[in-house]
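Chemist: I'd like to ask some things about the structure below.
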Amino acid sequence: MGAPRLEPSIPTEQHLLNKSPLLLALLSTALSPFGAQAASSVYGSIRLVASVVDYNDKTNDTDDQGISLDNSDSRFGLRGSEELGNGFKIGGRYEFGVAADAASIQDNKRLSYISLEGGFGELQAGRVWSSYWNATGDAWPGNDFTGDGNVTTRRISDAIKWTKALGGAKFSLMGVFKDGLQRTQGSGGISSGGISAAIGFDKKEKSHFHTTLNLGYKTDNGLSLNAILQNRDPDDGTDTVVGYTLIGVYSANKNTFILSYGDKDVDKDNDTVSTSSDDQSVSFEVARKLGDRSLAWVSANNFEHASAILIGLRHDW
């Protein structure tokens, strides 16, 4: 252990305002538009996890870890919208990633977009949820670690995305523009009577082409099952990766149980140096709602080269 760290003295908000009437005036002016907008809001989620990791592969001189307290995708953000009339609505959102274990703002790779809604659907521009990943899910690893069973978390920058819902069907197309069109994604899904199916593609440069399929079934008693199949061709056209994940989620009262298994196989190109490898993962989580916006969870996870136990706590507002 190192020497104790002395934290600098932080002046309180009241002290700052007393010292600077100008600061108070500027804050009042800056925040007044948000107060006038009934559809504007500030939101956030603080998530911390304590973990213990045991490395199964001892050949790489990796040491087992003791208990570690880490951030788990904490964030806060602002969003708002305004009705324009004739069925049109404009909105915006900006989100910051927060390292809750160290009280710092992370490199911001979260959401930031402006949107326009109407009879045509919705257009978003900025850093948005992926049309591809967030319609079908990620095929591996087979885990979640946040207690809600959601493994569809990908965001794309410099993007324009169109989304349209038609009854039980939903379609989405997205283009990434940076000195021209650099990447395209698309997806389509349908849900009826508890049965769902979604397909998607991701095309970027040269031979990079990903495809995925998600089949799901959900019952009225809190049970849902999903099978996700994915094929990845990387940017350089070398190793082709095929993977799948099976996910089962059961919710009853305030408890949620999540069991998942993921597997990927790598078809290596012998002419190139590859960092990809075959991998399997198993995860079991139990989560309990502590209140309307609070959640605790524990998970046991086993990968090809490591296993871990995690205990997490989450509060949203």
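Taken together, the values in this text are just the output of simple stated rules run on the coordinates, not laboratory data. Fair warning: this is a prediction, and the values are worked out from it, not measured in the lab. Note: ideal-geometry Cβ built from the backbone for every residue, glycine included; neighbour counts use all protein chains shown.
Chemist: Taking the Cα-to-Cβ direction at Leu69 and at Lys218 and moving 7 Å from each Cα, how far apart do the two end points lie in nm?
Modeler: Going by the 7 Å Cα→Cβ label model, 3.6 nm.
Chemist: Using 1/(1 + (r/R0)^6) with R0 = 35 angstrom and r between the beta carbons of Gln182 and Lys89, what's the FRET efficiency to the nearest 0.05?
Modeler: It comes to 0.75.
Chemist: So if each residue of separation counts as 0.36 nm, and I subtract the Cα-Cα distance between Ile309 and Thr240, what length gain in nm does that give?
Modeler: Net length gain for the segment: 21.7 nm.
Chemist: Could you give the nm distance between label points at Leu229 and Leu123, where each point is 7 Å from its Cα heading toward the beta carbon?
Modeler: It works out to 3.7 nm between the two label points.
Chemist: Sticking with this structure for a sec: Extension gain Asp101-His208, at 0.36 nm per residue separation less the Cα-Cα distance, in nm?
Modeler: Full extension from Asp101 to His208 adds 34.9 nm.
Chemist: Given points 7 Å out from each Cα along the Cα-Cβ axis, report the Ser41 to Val298 separation in nanometres with one decimal.
Modeler: Rounded to a tenth, the inter-label distance reads 3.3 nm.
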